[in-house]
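Just so it is clear, none of the values below were taken in a lab; they were calculated from the coordinates. Computed from a predicted structure; not experimentally measured. A quick note on method: Cβ atoms are made from the backbone with ideal geometry, for glycine too, and the neighbour counts reach across all protein chains shown.
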Amino acid sequence: MKHILKVLIATFASLFIFANLASAHVTVQPSSSAPEAWETYTLKVPVEKDVATTKVILKVPAGVEFVSYQPVPGWKVATEKGKDGKVVTVTWEATAEGISSGQFQQFVFVAKNPEKETSIAWDAFQYYKDGEIVEWSGEEGSDTPHSVTAITATPATNVESTDHHSHDQHSTDHVKATAGVENNDGNQTVSITLASIALILAIVALIFAIRKSKR
């Protein structure tokens with residue numbers, strides 16, 4: 001019976017971990033935007049450990065012009081500029097406890113997109129209170145991927161744009177909102193799929209454990 005309990009604990013712990021990891025990535029939204037748009041971006045930082053996140057550094061991609069940020073209570077913001085006078089990194093640092101386990105925080109900022117169609121990658125660095133730094137700078141499919149925004153003439157994103165050059169803002173916002181729902185549904189589907197696989201493995205392990213205990 002003790003062996004069965006150990007199997008159950010291990011398998012359900014795996015279930016919890018897989019479900020968490022599926023949605024614990026640091027992301028920047030929207031995933032697509034128009035060339036030269038003054039876009040409102042949202043950096044979402046979830047915590048996947050039992051330790052608080054106290055600092056986040058975001059590298060501004062080449063060709064992107066950081067314009068302004070929305071203040072967040074309990075956080076101070078610092079920017080670093082390059083030789084051309086443009087912002088190259090933005091740092092959000094907690095003045096209080098930071099982001100606790102099981103929570104997430106959103107940091108909103110406005111940036112001007114590149115003039116031509118391209119893809120921009122957002123490298124982010126998540127600092128935990130225990131000293132660990134998670135670098136969200138890998139390619140898609142890696143353990144710690146960075147977010148990518150497609151700069152295209154026909155964007156479909158999930159965050160309200162502040163493109164002052166657009167003459168059809170209402171239509172654009174509707175497309176963005178719709179795409180955002182689809183993107184969130186996709187993330188939830190991945191989480192549910194991984195959780196289901198872990199649950200099936202747990203049931204199989206339990207069956208084998210029961211059979212073994214009866215021998």
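Between LYS116 and LYS83, the simple spin-label model (points 7 angstrom out along Cα→Cβ) gives 2.2 nm.
Within region 77-121, list the residues whose amide N lies under 12 Å from a label point set 7 Å along Cα→Cβ of THR154. Label zone hits: none.
Which order, highest average first, do 136-143, 125-132, 57-64 follow once you tally other Cβ atoms within 10 Å for each residue and take the mean per peptide? Spell out each step's value before the answer.
Numbers: 136-143: 11.8, 125-132: 15.2, 57-64: 18.9.
Taking the mean over residues of other Cβ atoms within 10 Å, the ranking is 57-64, 125-132, 136-143.
With a cut-off of 13 Å between beta carbons, the residues surrounding PHE107 carry a summed charge of +2, where Lys and Arg count +1 and Asp and Glu -1.
Taking Cβ atoms as reference points and 13 Å as the exclusive limit, the residues near ALA121 contribute a net charge of -3, counting Lys and Arg as +1 and Asp and Glu as -1. For the pair region 125-154 / region 28-78, the C-alpha centres are spaced 11 Å from each other.
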